[in-house]
Amino acid sequence: MTEIKNFPVSSLDLDTLLSAKVKLRQEGFLDSNTKTCLDFAIQTLENFPVSKRRDVSLTLEGERQLVRFTAGNPVLQYVVRLGQKGPELHQKVPVGSRLTPSCLSESHFAGHCCRDELEGCSSQARRVLSAEIESNPSSQGELELRIVCGELRITYSTQQPRRSLYVRPHRRVLFGKTLNLEKLLETKTRLERSGEMKDGLLACFQHLLSNYSQFQDENIRVVVQGDGELMELVCGRDKYHSTQHFIYTDGQNRAHSHMVQDMELWEYE
């Protein structure tokens with residue numbers, strides 16, 4: 001049976017977690033996995049608002065044991081474990097016997113910068129859940145809803161879920177009428193800081209910046225694909241774009257572009 005080390009705390013603040021780190025080391029509980037997960041939790045939770053650090057629990061998956069911090073009466077449950085790309089923080093919200101759109105509180109998404117600027121992940125999740133309930137009303141008692149959006153991994157779960165709904169937004173960046181250079185560079189910077197800017201996406205952005213003057217029409221959509229990632233740069237309307245550009249990489253990470261024009265939409269420009 002896995003050993004659980006429990007820490008009742010008032011809040012998951014920086015001082016509390018640093019003090020716990022010292023105590024875990026002294027008691028021999030701070031193995032490599034636990035230390036990595038705790039350091040990641042400290043870094044991540046420091047950016048959370050106070051509302052997401054009280055009435056929560058935090059469980060760290062170590063090599064031989066679990067370490068659990070409990071602050072108040074948890075309505076949010078955090079778990080940090082090592083994934084394929086490093087430590088991940090998962091949030092779980094137990095909703096009781098029925099899962100409805102009202103279970104998705106905006107406070108659960110506080111501090112999160114959604115990948116989709118046109119329709120946030122919380123809105124997408126409510127839409128997906130509402131559609132499921134409308135088509136199958138009896139499903140409310142057996143659902144779990146999983147949202148993965150950048151660093152955010154949150155699951156809403158009934159007591160005995162039998163089916164899962166998934167919401168995984170891809171990145172969509174909303175510009176004004178045209179592709180603004182400053183915001184384009186801000187987007188590039190954000191991708192670099194988050195670690196998403198791998199060789200393929202970088203080649204696409206370099207192609208886009210080098211040929212910036214070719215992407216200055218109004219009401220265009222630029223789709224960028226590389227490294228298994230897909231993102232959209234949207235100018236003008238949310239949809240129905242008169243010109244669409246597709247930028248992608250080949251096997252040697254060389255960027256190519258292709259333009260598609262909808263002549264019917266040009267009539268309404």
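For the listed residue pairs Lys35/Lys198; Lys52/Lys92; Lys5/Lys35; Lys85/Lys198, the alpha carbons are over 21 angstrom apart in Lys35/Lys198. Modelled label positions at Lys85 and Gln252, each set 7 Å beyond Cα in the direction of Cβ, lie 2.8 nm from each other. Using the Cβ-Cβ distance between Ser32 and Ser194 with R0 = 22 Å, the FRET efficiency computed as 1/(1 + (r/R0)^6) comes to roughly 0.35.
Listed peptides 87-97, 18-28 appear in the order 87-97, 18-28 once ranked by packing, highest mean of other Cβ atoms within 10 Å at the front.
Ordering 187-197, 69-79 by mean Cβ neighbour count within 10 Å, with the highest value first, yields 69-79, 187-197. Counted residue by residue at 0.36 nm each, then reduced by the alpha carbon distance between them, the extension gain from Gln225 to Gln43 reaches 62.5 nm. Stokes-Einstein diffusion for the range 3-92, with the hydrodynamic radius set to the Kirkwood value over Cα pairs and evaluated at 37 °C in a medium of 0.692 mPa s, equals 257 µm²/s. Using the rule -39500 (n - 2.57) for each DSSP H run of four or more residues, divided by the residues of the chain, the 222 nm mean residue ellipticity is -8500 deg cm²/dmol.
Helix 181-194 and the longest principal axis of the Cα set of the chain meet at an angle near 30°. Fully extending the segment from Asp55 to Val75 would add 6.6 nm, taking 0.36 nm per residue of separation and subtracting the current Cα-Cα distance. Taking Cα atoms only, the orientation of helix 14-26 departs from the longest principal axis of the chain by about 60 degrees.
Candidate cross-link partners of Lys177 among the lysines, defined by an alpha-carbon separation under 23 Å and a same-chain spacing of 8 or more, comprise Lys188, Lys239. This structure gives log10 I(q)/I(0) by the Debye sum over Cα atoms at q = 0.07, 0.11, 0.16 Å⁻¹, computed directly, and of (1) -0.39, -0.82, -1.25; (2) -0.34, -0.77, -1.19; (3) -0.29, -0.65, -1.14 that value is listed as (2).
The Stokes-Einstein estimate for the range 171-266, based on a Kirkwood radius over Cα pairs and taken at 25 °C with 0.890 mPa s viscosity, is a diffusion coefficient of 183 µm²/s.
Hey, what angle do you get for helix 199-210 against the long axis of the chain, alpha-carbon based, 0 to 90 degrees rounded to 10? Around 40 degrees separate the two axes.
Approximating the spin labels as points 7 Å out from Cα along Cα→Cβ, the Asp15-to-Arg162 distance works out to 5.0 nm. For Glu218 and Glu182, a Förster radius of 25 Å and the Cβ-Cβ distance give a FRET efficiency of 0.90, rounded to the nearest 0.05. With the highest mean first, a sort of the peptides 49-62, 135-148 on other beta-carbon atoms found within 10 angstrom per residue produces 49-62, 135-148.
Values in this text are rule-based calculations from the coordinates and carry no lab data. Here the structure is a predicted model, which means the values were calculated and not measured. Every residue, glycine as well, gets a Cβ built from its backbone with ideal geometry; the counts of neighbours run over all protein chains shown.
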